[in-house]
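Report on one structure; see the data block that follows.
The values are calculated or read from the model by the stated rules, or taken from the named source; none is laboratory data. What you see is a predicted model, and the numbers here were worked out from it, not measured in a lab. For neighbour counting, all protein chains shown are included, and Cβ atoms are generated from backbone atoms with ideal geometry for every residue, glycine included. The area values use the complete protein model at the heavy-atom level, side chains included, leaving out ligands, DNA and RNA. Shrake-Rupley method; radii C 1.70, N 1.55, O 1.52, S 1.80 Å.
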Amino acid sequence: MNILGIETSCDDTAAAIINEKGEVLSNVLSSQTQFYKDYGGIVPEIASRKHAELIGYVIEEALKSANRTLNDLNLIAVTYGPGLIGSLLIGVEAAKAISFAKEIPLIGVNHLEGHIYSLFINNKPLNIERVEFPLLILIVSGGHTELVLMEEHIRYKLIGETRDDAAGEALDKFARALGFEYPGGPVIQKIGEKGDPSFFHFPRLSLKNPYEFSFSGLKTAGIYYLKKHEKELKTHLPDICASFEDALTDILVNRTLKAAKALKVKGIGIVGGVSANKRLRKKFKTRSKIPVYFPQKGFSTDNAAMIAINGLMHYKNGERSNLLLDAVSRLNL
Ligand code: KG4
Ligand code: ZN
């Protein structure tokens, strides 16, 4: 079976081909970040125009590098939400056009579910057919920070989420205050790698609800620190980045481990862009008593392979979308 995944929810135009075992045959992504250098962030109108320009090429490239043609496809999975509406529409319309022209079944995929299924790409470290449920999932990206109880395949319960900023957003805004472009997470990680995380103690969280997160306090404390200590930036930038990242990852790890214990889950899965973070991975691995799973390298941030594998799961469950499939900007799990 050849499954085409399409992802255009934000600023990446992505297409991938996987097989029925969840093995990735091709994974193509065209990032638009370079277009937003002068704007200080993604411009939705430009994003949708770029998706429209690129989508045909990206799909063609995904087919070519998997050594397949449109005639070989058995299923199309496409992100229909949540995300930027103009961006989502381009992917959804492209998917519908191919589905109609080639008479191939179509599945609309929730982007957040896609991130969860990034854990199963290439069947390592989690085997999709032999998972021990329940799993506690931490979705941690630029737009989301939430804890989800996964009771079995494609069945979820939202346990708690951030009250304000997402963890990735706090990293991006802290990086921007330092003069770095989006995405900030990888930059902070790189600079902070050789820094001393105990250089400055940024506030950890003291929310009563153990399943909730909040990052606006940490973000504000970080930006305020930078304004007050301009001189230190020259000599202590790696230490400051390491300290900020240390606080942010402490919040994520401590709360997730507490929730995992209370919910008596069999394992923990960390997904979304921030799950690529090295400090976060190391802390989870050293502090957790139960197995912690991360996506394979390159599949933490937005990609179309995760959309394809989640689409396949829904297809096996007997679900089908049709040509009335519409893009939805706000969508829960
Ligand atoms: O999942 P994603 O690609 O897009 C969203 O759906 O938001 O996540 C993007 C977020 C950004 O905030 C980016 O700064 C963060 O993930 N990110 C990282 C790393 N790589 C990406 N944060 C920390 N460490 C990283 N290595
Ligand atoms: Zn995402």
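If we scan segment 278-290, do we find a residue that is over 26 Å from residue 242 (Cα atoms) and either crowded, with 19+ Cβ neighbours inside 10 Å or under 19 Å from the mean Cα position of the chain (by Cα) (or both)? Among the residues of segment 278-290, not one is over 26 Å from residue 242 (Cα atoms) and either crowded, with 19+ Cβ neighbours inside 10 Å or under 19 Å from the mean Cα position of the chain (by Cα) (or both), which makes the answer no.
Listed here are the residues, each with its yes/no results for (1) within 16 Å of ligand 1 (Cβ to nearest atom); (2) of a type outside the set (Ser, Thr, Tyr).
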{"site": "198", "(1), (2)": "no, no"}
{"site": "216", "(1), (2)": "yes, no"}
{"site": "222", "(1), (2)": "yes, yes"}
{"site": "250", "(1), (2)": "yes, yes"}
{"site": "254", "(1), (2)": "no, yes"}
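For segment 55-64, the criterion of being in contact with a Gly (Cβ under 9 Å, 6 or more places away or on another chain), touching a residue at least 60 places away in the same chain (Cβ under 8 Å) and more than 16 Å from residue 114 (Cα to Cα) is met by at least one residue.
Which of the residues that make up segment 66-85 are within 16 Å of ligand 1 (Cβ to nearest atom), open to solvent by 40 Å² or more (accessible area, probe 1.4 Å) and not in a helix (DSSP H, G or I)? If you could, list the steps in order and put the result at the bottom.
Keep residues of segment 66-85 that are within 16 Å of ligand 1 (Cβ to nearest atom), which gives 78-85.
Adding the requirement that they be open to solvent by 40 Å² or more (accessible area, probe 1.4 Å) leaves 80, 84-85.
Hits for segment 66-85 are 80, 84.
Can you tell me which of 4, 54, 88, 63 is crowded, with 23+ Cβ neighbours inside 10 Å and part of a helix (DSSP H, G or I)? Let's see the steps before the verdict.
Details: 4 fails: part of a helix (DSSP H, G or I); 54 fails: crowded, with 23+ Cβ neighbours inside 10 Å; 63 fails: crowded, with 23+ Cβ neighbours inside 10 Å.
Unique residue meeting the criteria: 88.
Please verify whether residue 308 is more than 13 Å from ligand 1 (Cβ to nearest atom) and closer than 16 Å to residue 23 by Cα, treating the condition exactly as stated. In short, yes. Among the residues of segment 68-85, those that are touching a residue at least 24 places away in the same chain (Cβ under 8 Å) and not aliphatic (A, V, I, L, M) comprise 68, 71, 72, 74, 79, 80, 81, 82, 83. Could you list, in sequence order, the residues of segment 22-49 that are more than 16 Å from ligand 1 (Cβ to nearest atom), modelled with pLDDT of 90 or more, open to solvent by 30 Å² or more (accessible area, probe 1.4 Å) and not in a strand (DSSP E or B)? Once the filter is applied, which keeps residues that are more than 16 Å from ligand 1 (Cβ to nearest atom), modelled with pLDDT of 90 or more, open to solvent by 30 Å² or more (accessible area, probe 1.4 Å) and not in a strand (DSSP E or B), segment 22-49 yields 23, 45, 46, 49.
Of the residues in segment 97-145, how many are open to solvent by 30 Å² or more (accessible area, probe 1.4 Å), in a helix (DSSP H, G or I) and either within 14 Å of ligand 1 (Cβ to nearest atom) or charged (D, E, K, R) (or both)? Talk me through it step by step, then tell me what you get.
Our first condition is that a residue be open to solvent by 30 Å² or more (accessible area, probe 1.4 Å); within segment 97-145, this holds for 97, 100-103, 105, 122-125, 127, 129-130, 132-134, 142-144.
From what's left, in a helix (DSSP H, G or I): 97, 100-102, 122-123.
The next check asks that each one be either within 14 Å of ligand 1 (Cβ to nearest atom) or charged (D, E, K, R) (or both); those that pass are 102.
Number satisfying all stated conditions: 1.
Screening residue 163 against (1) more than 12 Å from ligand 1 (Cβ to nearest atom); (2) closer than 18 Å to residue 215 by Cα; (3) crowded, with 22+ Cβ neighbours inside 10 Å leaves a single unmet condition, (3). Which residues, counting only those in segment 300-318, are in a helix (DSSP H, G or I) and of a type in the set (S, T, N, Q)? Within segment 300-318, 310 is the sole residue that qualifies.
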